[in-house]
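Only the coordinates and a few stated rules stand behind these numbers; no lab work does. From a predicted model like this one, the values you see are computed outputs, not experimental measurements. We place every Cβ from the backbone using ideal geometry, glycine too, and count neighbours over all the protein chains shown.
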Amino acid sequence: MRRLLSQFARFGVVGAGGVVIDFVVFNVLRATVLDPSDVAHGPLVAKVISTTVAIVFNWLGNRYWTFRHDKRDHWLREAVEFAIVSLGGMGIALGCLGVSHYLLGFTDVVSDNIATNVVGLALGTAFRFTFYRLWVFRGERAPAVELLGIDLPADDIGTTATATPSARSHRAPGPASADGAPQRG
């Protein structure tokens with residue numbers, strides 16, 4: 001529990017830095033080159049750009065500080081997974097902004113910020129922390145057969161993990177041991 005709380009606190013600090021970056025970049029773009037009076041979907045484009053910059057900052061902070069003990073050797077795969085989860089979080093923020101700005105008609109700067117940087121941020125943060133912890137920064141992962149709940153004897157994990165379920169199901173059963181598990185001969 002202590003490690004989880006420590007991770008969550010570090011995640012909060014990194015996230016706060018990302019929020020500041022996202023907030024500043026979003027508002028600077030929205031007030032200048034992506035002003036909604038000049039650019040039809042300016043707030044949405046500004047949010048995509050600001051969130052992308054924050055995603056890079058957050059990946060570095062989370063990889064090298066928050067989840068430093070859980071980072072994997074395959075940094076490119078981890079970066080892609082982080083980007084996928086972060087894009088999901090961005091989708092949540094964009095959805096909140098889209099509903100507020102375009103469906104409900106709240107088009108002022110304060111409403112845009114509340115929709116994306118308060119409501120979208122809260123929902124996106126819960127989504128991202130959950131998936132970063134359970135998927136992206138999980139450290140070493142169990143073989144796919146364990147994740148799928150396939151119960152294979154230890155010596156089969158290395159040899160049949162790549163076999164399709166239908167190939168495994170056509171194996172002739174061997175004699176059973178006292179506990180009902182097949183014996184290898």
Problem set entry | Residue within the range 35-45 that is in a loop (DSSP other than H, G, I, E, B) and crowded, with 16+ Cβ neighbours inside 10 Å present | yes
Problem set entry | Qualifying positions in the range 102-113 - part of a helix (DSSP H, G or I) and either crowded, with 21+ Cβ neighbours inside 10 Å or free of Cβ contacts under 8 Å to residues at least 40 places away in the same chain (or both) | 102, 103, 110, 111, 112
Problem set entry | Test result for residue 130, hydroxyl-bearing (Ser, Thr, Tyr) and surrounded by fewer than 22 Cβ atoms within 10 Å (Cβ to Cβ) | yes
Exercise. Can we say residue 79 is without any contact (Cβ under 8 Å) to a residue 24 or more places away in the chain, closer than 16 Å to residue 20 by Cα, of a type in the set (A, V, I, L, M, F, W, C) and in contact with a Phe, Trp or Tyr (Cβ under 7 Å, 6 or more places away or on another chain)?
Worked result: no
